[in-house]
Each structure stands twice: as C-alpha cells, then as structure tokens.
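Single-structure report; data block below.
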Amino acid sequence: MRGTKAALALGTGLVAALWGAGANAQAAGAKTSAGKPILELRLRYEGVDQANFAKDARAITLRTRLGWETGAWKGLKGLVELEDVRALGGERYAVNVPGATTPPLNGADKARYPVVNDPEVTELNRAQVSWTPSKAVQVVVGRQRILLDDQRFVGAVAWRQDEQTFDAVRIDGRHGQWSGTYAYVTRVNRILGDLRDWNSDSHLANVAWTPSETLKLQGFVYALDFQNSPVNSSITRGLKATGKAQAGPYRLAYSATFARQSDWHGNTASYDLDYLAGEAAATFDIYTARLGYERLEGDGTRGFTTPLGTVHAFNGWSDSWVSPGGNKSFADGLRDLNLGLSVKPRLKARYFSNADLLVRWHDFDDQRTGADLGQEWEAQLTAAITPRLALLVKYADFRREAFVPAGTLAPPPSRTKAWLSLEYKL
C-alpha cells in the first residue's frame, strides 16, 4: 500500500510539474510545442464459463490513464502517465495475486470462480525521458513501454487492463537498411500489480536488415534474469524473416521464425528448447485469410516460455495455455495450427465505421507426444463509434479433448469467454 501511495503521489506531482512547465514554456513563447495531455478510458465486461469451477466469472472494470507528454526541447521529451483499474460492482471473479481481494469475494468463495486477471490497482504506468539527437538515434530512460516486433517475446500484454511496462534504458538506432534496439531492464511492472512485479537484470537486443519490402531479416537475443522469479529466467536466441509482395489483385505477406531457449545464470536446470513459427496471409479487397503454425518445444518438465510476451494474441483468446506465475508454457510443448479470416465491411454510419470482423480457429496438439489436446473457435468485431471512441465485441470457445493417451499431460479445462468493451482515447 505504501508503494502504491508513493507512486500515486510521485506521478501526480510529475503530471503537475510537467503541465506547469508546458504552460510556462508556452507563455514564454518557446519555439516548441508545450506538450499534450494523455487521457484514456477503457470500460470492459468479461465473462468466463470454465468447466472446473462451480460458478461463472463476471468482471466489469474501468481502466483510466491520465498523463502528460511535454513538447521537444533540443531533442528532449518527458512523459508521465498514471493508470488506475477499478471494479465497478457486481463482480464475481478471482485474480492470480497473493492477498488480493476482488469485491465482494473473499476467502474460500473466490476459489469457486474462474480467474480474470484484472485486479484493482493504481500505479505509475510510465515515467520516462527520451532524447532524440537525430533521426538515427533515440534513447529512452525510465518506466516505459517496450514493444519488440510482433510482441511474441517482448511487449505490453496490452489486452489486460493493467498493461506491462519496464523500468529500463533503451537505445534505438537506424542506419540505411539497418535498425536495432537494445534495452537493459531493471524491473518488469507486470499485469497483476506490485505484488507480482519482477526485479530484473535483463538484456534485450534486436537487430534488423531490410533490403526490400519483400525481405526483412531479424536477429534477436533476450537474456532474462529475474531475481524474484528465477523459473522464468532464460536466454533466447533467434532469427526471423518477414516480407510483403503484390501478386495481381492479391497482397501477400509471410513470416518465419526460429529460436532456441536455454537456461541462464544457473537459475534453472540445464535445458535447450526450440521454437518454430510460420505464417502466410493473402488479402483481396476487403478479405484477408491467414494460415499460421507454431511449435513450442517441451520436454515433459518444462516448455518453451515467453514470460515477457503475449500468449493471448497467438495461442488463443481463451488464455487456456497461460500458466500461473507468468511461465506461459505447457511442459509437454505445444503445436498450434490456426486459420483466420478477416473481413472489413464497407459499412459506414454516423456512429459506426471502420468495422473489422475476424474469425479464427485453432487446433492444439501435444508437441512431445503428438496427442490431440483440443480446438478453439474465436470471433471478434471492432468498430469506431466516433473518431475517439471504439467498440469491441469478442468471443472465444476452447474445447479440450476428452481423452488423451497415457504419458501425455492433461490439457487445460474447457472454457468460453466473452467480452464487450468501449475505449476512449483523447
């Protein structure tokens, strides 16, 4: 509680200071913009029906972000942002946070409800200073978002109400066809509030070469060391190729990734696990079809992990394969074959535009034994109500295989999830 109050006080003070500095700069006729406010609101309903719980979960939460970004002065900018997540009443859900309470649930009653990982928190979400001395270099110091590539390995886990940010020093560089990012991370501010944050001594590096639109090659090394979560420590080295092309009326895109993950700094037993993924997409008019495949190796004791990345966007919106404690793996390993179709209807009304309908299907197999584990169907509709207000309706239905062979880990329980949200951005 003291940490939350201190963060709130610090953030409020920084917002006031930056606001005042911006006003003073504007009054003095500074040659740069005085800055801009940050205001975001996301109201969301989430319902969960999970086979191994007596009750269905229901969560109605509101996330508020309030902050200020200064204008640039000799390449320098400051930014501070507070984040608050509140349950609005009538909630029935559990969270994976030791000691956390979700009104009106407590004690044994919480164990009867599925998890919705949106605890009530008030945090300093971002507090950073950036320096951009030229178009080729940018340095960011402080609490910040770090989104690398498609966020499979490092990202904000932005689907949850409390997003993931990093206390870090980050350097981005660009020269001709080359670009790269390096970050040293001292703390990971995870999606479950202060009680589940990780103290870090981690290094993130990603270098890309882009000779043309049809080919982009990336090499990356993510060396993760978490003092208070050693099981999630690892080093991952990998290569990725992506590209786009036009073939008559069709726009084509592809990606292919290979990575190897190993133990790091003696935090776990010795292991080496591989990751393989590929995707092909074709767009014609308002239709886009995607075929994807992921193979995350497992040895029966440990699976390939992505502790700083998102599972939600890759291995199913039901989050069936998210393990407690941030491990984000299945010990037997996972094979995920998925097929999706996106349609952008030409519908435009006063309060409905830019609609996008997505339907996707997953087939999950045990990587180590080859056994069928289950299937998932997903559907999502997004649309703009106004230029600043967006609507989302979303559904996921995971069905596990009823019987698996001896020697195969049991798949997670069947579940369905539904969401309805409104998001406003200033």
Taking 0.36 nm per residue of sequence separation and subtracting the Cα-Cα distance, how much length would be gained by fully extending the chain between D49 and R86, in nm to one decimal? 11.1 nm
Which ordering of E120, E81 is given by a fewest-first count of other beta-carbon atoms within 10 Å? E120, E81
Using a Förster distance of 22 Å, the FRET efficiency for L252-W159 (Cβ separation, nearest 0.05): 0.20
Between A379 and E40, what is 0.36 nm times their sequence separation minus the Cα-Cα distance? Round to one decimal in nm. 119.5 nm
Read phi for every residue in region 128-141 and hand back ³J(HN,Hα) as whole Hz from Karplus 6.51 cos²θ - 1.76 cosθ + 1.60, θ = phi - 60°, with x for Gly and Pro. 9, 10, 10, 10, 10, x, 7, 5, 8, 9, 9, 10, 10, 10
With label points set 7 Å from each Cα along the Cα-to-Cβ direction at L389 and R346, the distance between them in nm comes to 2.8
What residues of region 157-184 lie in the reach of a label at N354, counting those whose backbone N is under 19 Å from a point 7 Å from the Cα along Cα→Cβ? 158-159
In a shell of Cβ-Cβ distance under 13 Å around R346, excluding R346 itself, what net charge do Lys and Arg (+1) and Asp and Glu (-1) give? 0
How would R346, R360 line up from fewest to most surrounding beta-carbon atoms within 10 angstrom? R346, R360
Taking R0 as 41 Å and r as the Cβ-Cβ distance between N228 and R399, the FRET efficiency 1/(1 + (r/R0)^6), rounded to the nearest 0.05, comes to 0.70
Multiply the residue gap between A136 and L337 by 0.36 nm, knock off their C-alpha separation, and tell me the result in nm, one decimal place. 68.5 nm
The chain: relative contact order from alpha carbon pairs under 8 Å, six or more residues apart, as a whole percent, is 11
Qualifying trypsin sites (Lys or Arg not before Pro) for region 122-231 [loop in DSSP, other Cβ within 10 Å: at most 11]: K135
Using the basic label-point model (7 angstrom from Cα toward the beta carbon), what is the A289 to S323 distance in nanometres? 3.6
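A short reminder: the numbers here are calculations on the coordinates, not readings from a lab. Everything numeric here is computed off the predicted structure, so don't read it as measured data. Neighbour counts are summed over all protein chains in view; Cβ atoms, including those assigned to glycine, are modelled from backbone coordinates with ideal geometry.
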